[in-house]
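Report on the following structure.
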Amino acid sequence: MKPNRTLPEPLHCVLLLALAVGAGCGSDEPALEVGNVAFQENDLLGLSEDRVRDLAALTAFTLAVARDEVDVLGEPLKDRWREERRVERLRDELRLEAAGVDREVLEAHYDQNPELELVVRHILFMADRDLPDDAREPARREAEEALERARSGEAFPELAAELSEEPGAAEREGLLTPGRRDTWVTEFWETASALDEGEISEVVDTPFGFHVLRLEERRTVPFEAARPTVASEVAAELPDDPVWDRWTDEARRELEVDPSALVRWRDGAAEEDEALVRWSEGSVTVGELDRRMVSLPASDGRRVERMDDSELEEWMVEEALHFRAAHEAREKEVELPSTLDDELEQEWRQRVGPWLHFMELADGLPEADVAERARELLGATGQNVDIARRELREHRPLLLAYERVRWPEDPGDSGDGG
C-alpha cells in the first residue's frame, strides 16, 4: 500500500475532477492518469464528474487484477476489520474481569463446547442473491451437474480445478483455508459441519452462489488457540453490566479535539503527522484518520463533507473512541484469534470474488489492456456487472488509494490519492 496522503472521497476529488473534465484543450498531456494508465481528453468526453470517478476506480481495480495485487488492494479494509475485532475483544475482557471470570471458568466452558476446525474443498458457481431466480438458475444447474460428476467417481480436486468459479480455485483445487464457526457464512458452515470426512454435500445455496462441498478433515482446536473465541462466548452469556459504558465515558472525557486541525483536515490542508485528537497516552493523526476513511464506504465520506464544524467535532470524538479503544487493547495485550488473518483474507476474497467473476476478470488480464477494459466496464450493461459496479462504487475510496490518480494540474508532490 502506497503511503500516499489520501483524503476522504469525494472531498479530495471535486476540484481535480473539474480540472480533469475541462483539461487537455490543445494539450497532449493525459486528462486522467491512474498509476501508469493514462486517458486522453477524448476518453472523458461526455462523462460527468461522478462517471470520471467511476472510471478512475474501475481502472485502479483492474490494474490491481492485472498486477495480481487484489489482496494488497484490500489491506486498509482488512486493517479496519482487525482493529474492530480488537476493540470487541477489549470489551469482552473488561466484562470478564468485572465479573471475576478466570481461566478455570473459561476452560470448563470450553470442555463442554469444544471448537471445531474444518478442512473443506468446494466447487462454486457464482450467482449473487440480488439476482432474480431465473438468472441464478443456470448456476444451480451447473452445480447439480458437478455434483453428479463428483458422486460418479471423478476426482473432486480435479473437478474443482476445472469447474469452480472462485478466484484461485484452479491452483488450490478448491481447497479452502481451514474454517471455524463464523468464519464461513452460516449455510456453508452448517453443511460442512454435518458431513463425515470424505463425504460430498448436496448443492448448497449461499449469498455467493451454489456450492458442492467435500469435507477433508475435522479437528478439535486446542484451548489456547480457541481462548479468544471462548472469552467472547462467555462474555456474551454474562448478565448486563455497564462496564463498557463506564470505560467509554471515561475515555471520552480524556479526549481533546483540535477543532482548527480538524477543519484543515476536512479541507485537505492538514499535514499527515498533525494530531487531530489527543489523550494522555496517545493521539489520532491526520494520516491515521485518512487510512481509516479509505476503508469506509464512500457514503461516509460524503456524509462528513456535509457536516458543519460542530457536527464534525462530534463525529471526530466518536471516531477517536475507536482509536482510543484499540490503543488500550494493545496496551493490555488483548489476544486476537490465531486464525484472524486467514479469516479476514477469506472475507475479503468472498467480497471481491463476485466482482472479479461478474466483470470477467477472474482470469486476470495483461496490464497493457487495463485502460480499454476499464472503459468497457464503465459502459457495460447487465444485472451482474451492475451489481459489481455498484458495490465497487461504495469502495471507491479504497480503490483510489491503491494507486495515485493524477491530472496535469495536480502539483505532483501532494500525494493525493484521487
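Every number in this text was worked out from the coordinates using simple rules, so none of it is lab data. The structure displayed is predicted, hence computed values, not measured ones. Virtual Cβ from ideal backbone geometry, glycine too; neighbours counted across all protein chains shown.
Values as computed for the structure displayed
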| quantity | calculated |
| --- | --- |
| Relative contact order computed over the range 260-418 (Cα-Cα under 8 Å; 6+ residues apart), in percent | 23 |
| Farthest positive-ward along the chain dipole, Cα basis, beta-carbon charges - from LEU215, LEU163, MET293 | MET293 |
| Shape category assigned to the range 286-418 from the gyration tensor of Cα positions, a/c cut at 1.5 | oblate |
| The range 116-220, relative contact order [Cα under 8 Å, separation at least 6], % | 45 |
| Compactness index (Cα Rg / 2.2 N^0.38 Å), the range 116-220 | 1.00 |
| Viscosity 1.306 mPa s, 10 °C: Kirkwood-radius Stokes-Einstein D of the chain over Cα pairs, µm²/s | 66 |
| For the chain, built as a Gaussian network whose Cα springs stay under 10 Å, the top-fluctuating residue of LEU255, LEU195, LEU45 | LEU45 |
| Rough spin-label spacing in nm, given labels placed 7 Å along Cα→Cβ, for LEU45 and ASN113 | 6.5 |
| Dipole magnitude (debye, nearest 20) for the chain, charges at Cβ of Lys, Arg, Asp, Glu | 440 |
| Per-residue HN-Hα couplings for the range 93-109 [Karplus 6.51, -1.76, 1.60; θ = phi - 60°; Hz; x = Gly/Pro] | 5, 5, 5, 5, 4, 5, 8, x, 7, 10, 4, 4, 5, 5, 5, 5, 4 |
| Estimated FRET transfer efficiency when R0 is 56 angstrom, pair GLU314-ILE200 (beta carbons, to 0.05) | 0.55 |
| Simple Cβ-charge dipole of the range 340-387, Lys/Arg +1 and Asp/Glu -1, about Cα centre, in debye nearest 20 | 260 |
| Residue-by-residue Karplus 3J(HN,Hα) for the range 164-180, coefficients 6.51, -1.76, 1.60, Hz, glycine and proline x | 5, 8, 6, x, x, 5, 4, 5, 8, 6, x, 6, 9, 4, x, x, 10 |
| Cα centre as origin, Lys/Arg/Asp/Glu Cβ charges: the range 116-220 dipole, Debye | 340 |
| The range 108-145 and the range 266-336: distance between their alpha carbon centers, rounded to Å | 37 |
| Positive-end residue, the chain charge dipole about Cα centroid, Cβ charges, pick of GLN346, LEU195, PRO259 | PRO259 |
| GNM flexibility winner over the chain from SER164, SER152, SER260 (Cα, springs under 10 Å) | SER152 |
| Average Cα contact separation per residue, the chain, under 8 Å, 6 or more apart, as relative contact order % | 31 |
